[in-house]
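Below is one structure; the comments refer to it alone.
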Amino acid sequence: MRAAAVIFDLDNCLSAGREVPERIYQPGFDAIRQANDGLLTEAQLASAFEDAWRLAIDDVAERHKFSAAMKDAAMKAFAKMEMDEPMHGYPDLHHLRDIDARHFLVTSGFRRLQESKITALGIASWFDEIIIDAIDEPGQRGKEGIFRDLLQQQSLKPRDVLVVGDNPHSEIAAGNRLGCRTIQILRPGVKRGETAWHHIQSLDELLTLIAGA
Ligand SMILES: [Mg+2]
């Protein structure tokens with residue numbers, strides 16, 4: 001199928017959330033624990049920290065019923081976090097360069113951490129444009145808003161755009177609402193959702209899909 005452009009997600013799509021070592025997240029977890037003030041049990045905190053590896057921290061705060069002080073402490077600590085060693089990403093990452101379409105990377109999270117991960121992966125030059133939907137800055141557009149603006153700026157028809165990501169509630173939902181073809185990539189630990197147009201296990205399959213009729 002023809003694709004004029006592919007919009008990729010970063011976390012658990014191109015690199016595992018867990019590739020960031022625990023020591024990088026520790027200050028965030030410490031800040032949440034300090035502000036906890038006996039509200040959540042140790043087990044509840046552990047469960048929230050586990051979710052922090054795969055979900056946005058504001059999502060984690062809501063699901064685990066953080067107090068305002070806990071959420072505030074988390075936001076401040078996470079905004080300072082930075083990946084400071086090289087990352088490899090998933091082993092099929094090199095296929096990104098073989099895809100014959102415009103490449104965009106749209107990722108939600110804290111600006112400093114997301115930018116440092118992209119630098120650590122060494123993939124910035126493979127994309128036509130990288131957009132960070134920063135949750136620590138005012139005026140967060142959300143993925144749907146960003147995709148819509150991108151389609152307009154690049155004069156792309158939704159049907160010619162593939163959206164590739166792991167999260168049915170984030171990029172897959174946004175892509176579906178705009179009429180893009182959505183592809184859920186089922187990286188290890190990712191739960192299959194039924195809302196995506198297509199499912200793949202790896203970027204090899206994406207290449208085959210784009211090259212096929
Ligand atoms: Mg993701």
Point to revise | Accessible area in square angstrom per residue, the range 21-82, 1.4 angstrom probe | key: 55 Å²
Point to revise | Under 20 Å, Cα to Cα: Lys pairs in the chain, sequence gap 8 or more or different chains | key: 6
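So, R0 is 25 Å and r is the distance between the beta-carbons of Asp72 and His169; what FRET efficiency does that work out to, to 0.05?
Efficiency for this residue pair is about 0.55.
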**Study point:** Residues in the range 62-79 that a label on Gln34 would reach, taking backbone N under 19 Å of a point 7 Å out along Cα→Cβ
**Key:** 66-79
**Study point:** Cα-centre dipole for the chain with unit charges at Cβ (Lys and Arg positive, Asp and Glu negative), debye to 20
**Key:** 480 debye
Check your understanding: So if R0 is 30 Å, what FRET efficiency would Thr208 and Ile24 give, r being the distance between their Cβ atoms, rounded to the nearest 0.05?
Key -> 0.30
Review point. What residue among Val164, Gly122, Ile99 has its Cα farthest toward the positive end of the dipole of the range 92-213, where the charges are +1 on Lys, Arg and -1 on Asp, Glu, each on the Cβ?
Key: Val164
Exercise for review: Treating only the Cβ atoms of Lys and Arg (+1) and Asp and Glu (-1) as charged, compute the dipole magnitude of the range 29-101 about its Cα centre; round to the nearest 20 debye.
Suggested key: 300 debye
**Study point:** Loop-located trypsin sites (Lys or Arg not before Pro) in the range 134-213, at most 10 other Cβ atoms within 10 Å (DSSP)
**Key:** Lys191, Arg192
Review point. Mean residue ellipticity at 222 nm from the helices of the chain, using -39,500 (n - 2.57) per DSSP H segment of n ≥ 4 over the full residue count, to the nearest 500 deg cm²/dmol?
Key: -12000 deg cm²/dmol
**Study point:** Heavy-atom accessible surface of the chain: percent carbon and sulfur, 1.4 Å
**Key:** 49 percent
**Study point:** Pairwise label distance in nanometres, Ser47 with Asp160, each label 7 Å out on the Cα-Cβ vector
**Key:** 4.8 nm
**Study point:** R0 of 22 Å, Cβ-Cβ distance Arg2-Arg148: FRET efficiency to nearest 0.05
**Key:** 0.55
Practice item. Hey, can you find the accessible area per residue of the range 87-136 for me, probe 1.4 Å, expressed in square angstrom? Key: 42 Å²
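The values are calculated or read from the model by the stated rules, or taken from the named source; none is laboratory data. Bear in mind that the values here come from a model prediction, so they are computed numbers and not experimental data. Cβ atoms come from the backbone with ideal geometry, glycine included; neighbour counts cover every protein chain shown. All accessible areas refer to the heavy atoms of the entire protein, side chains included, with ligands and DNA or RNA removed. Shrake-Rupley method; radii C 1.70, N 1.55, O 1.52, S 1.80 Å.
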